[in-house]
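What follows is one structure encoded as structure tokens, with my remarks underneath.
The values are calculated or read from the model by the stated rules, or taken from the named source; none is laboratory data. Not measured: the values here are computed from a predicted model. FYI the Cβ positions are ideal-geometry reconstructions off the backbone, even for glycines, and counts take in every protein chain you see.
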Amino acid sequence: MAFTLAEMSKIEKDTLRKSVMDTLLMEASVLELIPWETIGALTTKFVRYQSLPSIGFRKLNEGYAAGNVNLEQGVENISLMGVYLDTDKAIARAKNTIGDARKIQQTMALKGVAYKFNDKFINGSPSTDPEEFKGLKERVDDLRDEGFTGQYIDNAGTSGDGILLNATERHNFLDKVDTAIYAIKGHNPAFAFMNSTTLLALRSTLRREGLLDTTKDQFDRIVDVYQSVRLKDIGVKSDQTTEILPNTETLEDAGVAESTSIYFVKFGIGEFLWGIQEYPIEVDDKGMLEGSPVYRTEVDWPLGLALADPYSISRLYGIIPNSST
């Protein structure tokens, strides 16, 4: 049975592990959404269709031609993500601190874990760091190289003009958003991930055209919706300032030198895009370390992403969120 981290948190009985899950969920919107498969191994294999069999017709008393299904086997790897949360005994036992020092350090460290996952969900690059899992950016690049060019859509506005410049640019942008949505299997991605500037610009565009809907997430936060697609700000990196999806992308086949992208995603275990984990997140209070006056908590989560259907993701690039960018 598929579980998102949000669903696992609801049934988790261990208070320490639940607090960790809830902290991660508050900071990493992707973790609230992605379904996880526990594979009990460091790799997982899957099969995807490359082409369907040829179907024909026959005359009376004749046979049908044999139709062959071309299959491709894929392999996805687990990456080992975690952190040690260390608090000096003197700080942990101090009576004049405003709050529980160990709890505060744990919360701050877990926020760092959440921001790291958000970043690698988009920008994970095993070719740069072999210990990382592959994010959406490289996966879409791979699909383009394999011939799935329809998953890679150029916004193709007037060079240097932002999407809010005028009605022509707004409508061109919405046309390309629709193209990116249509590129997903079933033409119904669940989510679109972008940066804050792009989300505000898209919200403004949809509001002007009377196309903006809203819903709420599990924390009662308002989420923008367009054609049943939830629009999500992927946020910033752990430095709290650098956008995971910057407005300074330089793409050789984009019409502009500096721009940004939106990624459209459809989740589904074994079918589309999903999370894989060797085992669910573990949180272990190690107590005081031997030979060092430090209390340690270990957070350990061997995880990765798996993509079965190339039509599970698409990227709309070459977007200038506003005319001043």
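Just one of the numbered conditions (1) surrounded by 15 or more Cβ atoms within 10 Å (Cβ to Cβ); (2) assigned to a helix (DSSP H, G or I) is not true of I153; which one?
It is condition (2) that I153 fails.
So which residues in the stretch 106-135 are among the hydroxyl-bearing types (S, T, Y) and either within 17 Å of S29 (Cβ to Cβ) or touching a Cys at 6+ places or on another chain (Cβ under 8 Å) (or both)?
Selection gives Y115 alone.
What single numbered condition from (1) free of Cβ contacts under 8 Å to residues at least 24 places away in the same chain; (2) at positive phi fails to hold for N172?
Of the numbered conditions (1) free of Cβ contacts under 8 Å to residues at least 24 places away in the same chain; (2) at positive phi, the odd one out for N172 is (2).
Give the stretch 212-238 a look and list any residue that's among the basic types (K, R), within 19 Å of T260 (Cα to Cα) and part of a loop (DSSP other than H, G, I, E, B), or say none.
The answer is K237, and nothing else.
Give just the number: which of (1) closer than 23 Å to N195 by Cβ; (2) among the aromatic types (F, W, Y); (3) buried (at least 20 other Cβ atoms within 10 Å of the Cβ) does F219 not satisfy?
(3)
Under 13 Å from S79 (Cβ atoms), modelled with pLDDT of 85 or more and either crowded, with 19+ Cβ neighbours inside 10 Å or in contact with a helix residue (DSSP H, G or I) (Cβ under 8 Å, 6 or more places away or on another chain) (or both) - does that describe any residue in the stretch 100-116?
no
Among (1) on the phi < 0 side of the Ramachandran plot; (2) in contact with a helix residue (DSSP H, G or I) (Cβ under 6 Å, 6 or more places away or on another chain); (3) surrounded by 15 or more Cβ atoms within 10 Å (Cβ to Cβ), where does G235 come up short?
(1)
Return yes when A180 is in a strand (DSSP E or B), in the same structural domain as P246 (by TED's automatic domain parsing) and under 19 Å from the mean Cα position of the chain (by Cα) and no when it is not.
No; evaluated as a whole, the condition is false for this residue.
List the strands (runs of 3 or more DSSP E) that sit entirely inside the stretch 256-318 and contain at least 1 residues that are among the aromatic types (F, W, Y), in contact with a Leu (Cβ under 9 Å, 6 or more places away or on another chain) and over 20 Å from Y226 (Cβ atoms).
In the stretch 256-318, the matching strands (runs of 3 or more DSSP E) lie at 273-277, 294-307.
Does the stretch 165-177 contain any residue that is in contact with a helix residue (DSSP H, G or I) (Cβ under 7 Å, 6 or more places away or on another chain) and either within 29 Å of W274 (Cα to Cα) or polar (S, T, N, Q) (or both)?
Filtering the stretch 165-177 for residues in contact with a helix residue (DSSP H, G or I) (Cβ under 7 Å, 6 or more places away or on another chain) gives 170, 173-174.
Imposing the further condition that a residue be either within 29 Å of W274 (Cα to Cα) or polar (S, T, N, Q) (or both) reduces the set to 173-174.
Yes - at least one qualifying residue is present in the stretch 165-177.
How many residues does the stretch 131-150 hold that are free of Cβ contacts under 8 Å to residues at least 60 places away in the same chain, in contact with a Ser or Thr (Cβ under 9 Å, 6 or more places away or on another chain) and part of a loop (DSSP other than H, G, I, E, B)?
2
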